[in-house]
Amino acid sequence: MSSCLAVDIGGTKIAAAVVESGKVLRRHQISTPSSTNPKEMDSALKQLLTPFLNEVSTVAVASTGIINDGILTALNPRNLGGLNNYPLRSVIEAISKKPTTVINDAQAAAWAEYQTLELNRVNMAFITVSTGVGAGVVINNDLLIGANGIAGHAGHTLADPNGPICGCGRRGCVESIASGTAIGQAGKTFFGDDCTGEIVFKYFSQNDPNAIDIVNRSARAIAHLIADLKMVLDIELVTLGGSVGLAPHYLDRVQHYLAQQPSPYQTKVQSARCGADAGLIGVAHWASTTN
Ligand code: ADP
Ligand code: BMX
Ligand code: ZN
């Protein structure tokens, strides 16, 4: 069977791995360059991908941002250091000289999670709580992508009309309250200007009351988002990923707030079975079925 080089471009890190029959064989990860200059992304991708190219026949890329016809348009450009309107597929094809498929990272991860289910036709969503908040939805055996690639961008639904301005320009998106970036931002008041999501979680694990408040606020926004997805799409299962979504006790907090809603809003929520590799595994599978 031919191997695929899967690439997952997030706001914080870029992972690449050879994926064969759904298994991640060799994985390497770098930090996402934070620059408005597209040349920095070009050269980071070239450096990361080149060592793998002899081993693979195709490339499959899952990326943060709206992916429409191979072009990455950031809904929240701040997540990518301001980079926007980036011709991702043509850049990767120029580096690799191999057929390249590109979709959104959370859409790809939803597809990976869907493949792990024993029962067919479960309507499900994957939510990543990471640099941003992304989602992918599978309904009637179909991954929703949308005419413009926007389907699943549930991180930009409303959590609080009086909340912070989101990087997308709208006020009070789920992402502006729940993402790792938002958690880090909220932590600056208590833990210093260099605070990140990871640092808030360190204090959270030590039962710091301010960190507990910040994490609870994030988890509550995600619980409401899940309740909203249940109402709109009759979602039967949600899996949570991203470094925040997979952090110890975060899932418990989300389940706690969802349990406070009336019973029609309830749905099963669990950790992503593919963990941090969901985007890589999902995009490799997607590319093998669509090419
Ligand atoms: P990406 O968005 O590139 O996919 P991640 O899923 O790692 O990357 O999400 C990055 C966000 O998660 C950052 O805001 C970071 O502070 C936060 N983070 C990273 N590691 C942890 C951790 N162990 N626990 C909680 N938050 C984390
Ligand atoms: C943002 C948006 C989504 C992405 C989500 C999670 C941009 C650049 N990205 O809502 O497309 O799926 O973040 O991305 O507008 P991640 O970087 O946190 O994995
Ligand atoms: Zn937004």
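The values are calculated or read from the model by the stated rules, or taken from the named source; none is laboratory data. As the structure is a computational prediction, the values presented were derived from the model and not from experiment. We place every Cβ from the backbone using ideal geometry, glycine too, and count neighbours over all the protein chains shown.
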If we scan segment 190-202, do we find a residue that is of a type in the set (Val, Ile, Thr) and either touching an Asp or Glu at 6+ places or on another chain (Cβ under 9 Å) or modelled with pLDDT under 95 (or both)?
yes
Go over the candidates Ile214, Ile222, Ile199 one by one and state the one that is out of contact with any strand residue (DSSP E or B) (no Cβ under 9 Å at 6 or more places or on another chain), part of a helix (DSSP H, G or I) and under 18 Å from Gly11 (Cβ atoms).
Ile199
Just checking, which of Ile127, Ile139, Ile92 is within 22 Å of Leu240 (Cα to Cα), surrounded by 22 or more Cβ atoms within 10 Å (Cβ to Cβ) and either within 16 Å of ligand 3 (Cβ to nearest atom) or of a type in the set (A, V, I, L, M) (or both)?
Ile127
Which of the residues belonging to segment 188-199 are crowded, with 24+ Cβ neighbours inside 10 Å and either over 16 Å from Gly132 (Cα atoms) or within 14 Å of ligand 3 (Cβ to nearest atom) (or both)?
none
Considering only segment 107-129, I want to know if a residue exists there that is on the phi > 0 side of the Ramachandran plot, within 16 Å of ligand 1 (Cβ to nearest atom) and in contact with a strand residue (DSSP E or B) (Cβ under 8 Å, 6 or more places away or on another chain).
no
Step by step: first the residues of segment 142-162, then only those that are among the small types (Gly, Ala, Ser) and in contact with a Gly (Cβ under 7 Å, 6 or more places away or on another chain), then the one that is surrounded by the most Cβ atoms within 10 Å (Cβ to Cβ). Which residue is that?
Gly155
Matching residues in segment 74-101 - criterion: being of a type in the set (Gly, Ala, Ser) and assigned to a loop (DSSP other than H, G, I, E, B)
Ala74, Gly81, Gly82
In segment 164-176, how many residues are part of a helix (DSSP H, G or I) and either within 8 Å of ligand 2 (Cβ to nearest atom) or surrounded by fewer than 24 Cβ atoms within 10 Å (Cβ to Cβ) (or both)?
1
Kindly indicate which of Asn123, Asn54, Asn84, Asn104 is away from ligand 2 (no atom under 14 Å from the Cβ) and out of contact with any Leu (no Cβ under 7 Å at 6 or more places or on another chain).
Asn54
Test: Ala62 is outside the structural domain of Arg171 (by TED's automatic domain parsing) and surrounded by 23 or more Cβ atoms within 10 Å (Cβ to Cβ)
yes
